[in-house]
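Here is the structure we will look at, set down as structure tokens.
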Amino acid sequence: MRFFLFALAICLTLQLTTAAQNNSPVTTLWHVTMDTLQVNAQRAWANDTVRYRYNQMKYYVTTVLPYVHEAVLLHKELEAKTAEGLGRKERKAFVQQREDELRQKFDAEVKALNETQGVLMVKLIARQTGVNIHDMLKEYKNRFEATKWLAWGKLHGFNLGRKYNPDNEIMLENIMEDLGYPLPGFYEEKQILTAN
């Protein structure tokens with residue numbers, strides 16, 4: 001890697017020197033595509049409070065990931081059914097059937113989550129699907145349900161209609177990448193500097 005950069009620097013220097021001697025402008029453009037390089041190092045924490053919050057959030061994320069995974073699969077399944085041309089009544093019946101199955105499977109566990117874990121679950125579902133929960137409810141349930149849950153969320157300090165922005169969730173993004181869940185491709189390039 002260092003040799004390549006050193007050789008590139010020498011080539012550019014020689015080209016600029018030759019161009020300066022000939023009094024002609026440099027017209028050659030260099031384009032180099034390199035593989036993504038991931039550097040992992042021991043994280044330096046600003047203080048113990050930041051370290052504690054990071055570890056607590058990581059624990060909460062690992063707790064809600066099975067539910068997020070199931071929700072993302074359900075969303076993909078619903079999108080596929082909608083693309084097939086499923087009618088409104090059939091789609092409503094399908095949604096109700098899947099909702100009942102998920103309630104039987106996860107009802108007690110999801111009710112045992114605390115408020116912070118619930119907010120993280122909503123954020124992660126929005127992150128993985130690219131659609132906020134309010135729009136999903138409006139699309140697959142009805143406007144009344146969507147408005148009811150939006151008001152409930154705002155009453156508890158969280159907006160279900162907000163789009164997920166990875167630049168505002170630096171610590172969450174670092175945790176998800178550490179766990180092997182890179183940002184989905186439908187997001188634009190992000191610029192995350194540090195979680196400390």
Read phi for every residue in region 104-121 and hand back ³J(HN,Hα) as whole Hz from Karplus 6.51 cos²θ - 1.76 cosθ + 1.60, θ = phi - 60°, with x for Gly and Pro. 5, 7, 10, 4, 5, 5, 5, 5, 7, 5, 7, 5, 5, 5, x, 5, 4, 4
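Using a Förster radius of 35 Å, what is the FRET efficiency between K141 and Y52 based on their Cβ-Cβ separation? Nearest 0.05, please. Provide the component values of the computation, followed by the final result.
Working: r = 38 Å, r/R0 = 1.08.
After rounding, the FRET efficiency stands at 0.40.
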Which ³J(HN,Hα) values in Hz, rounded to whole numbers, follow from the phi angles of region 61-68 under the Karplus curve 6.51 cos²θ - 1.76 cosθ + 1.60, where θ = phi - 60° and Gly and Pro get x? 5, 5, 5, 8, 4, x, 6, 5
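Just want the ordering: F106, F186, from fewest to most Cβ atoms lying within 10 Å of their own Cβ. Walk me through the numbers on the way to the answer.
Values: F106 14, F186 7.
Lowest to highest Cβ neighbour count: F186, F106.
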Across K58/K81; K89/K148; K81/K154; K58/K154, pairs whose alpha-carbon gap is larger than 28 Å: K58/K81; K81/K154
For region 62-178, projected area of the alpha-carbon convex hull averaged over all directions, nm²: 7.6 nm²
Could you check the simple spin-label distance between T63 and E115, using points 7 Å along Cα→Cβ, in nm with one decimal? 1.4 nm
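Just flag the GluC sites (Glu not before Pro) in region 51-147 sitting in loop per DSSP whose Cβ has no more than 14 other Cβ atoms within 10 Å. Don't jump to the answer; show the numbers that get you there.
Numbers: sites: E70, E77, E79, E84, E90, E99, E101, E109, E115, E139, E145; in loops: E84.
Filter output for region 51-147: E84.
The numbers here are math on the coordinates, done by the rules we state, and not lab data. From a predicted model like this one, the values you see are computed outputs, not experimental measurements. Please note: Cβ atoms are built from the backbone with ideal geometry, for glycine as well, and neighbour counts cover all protein chains shown.
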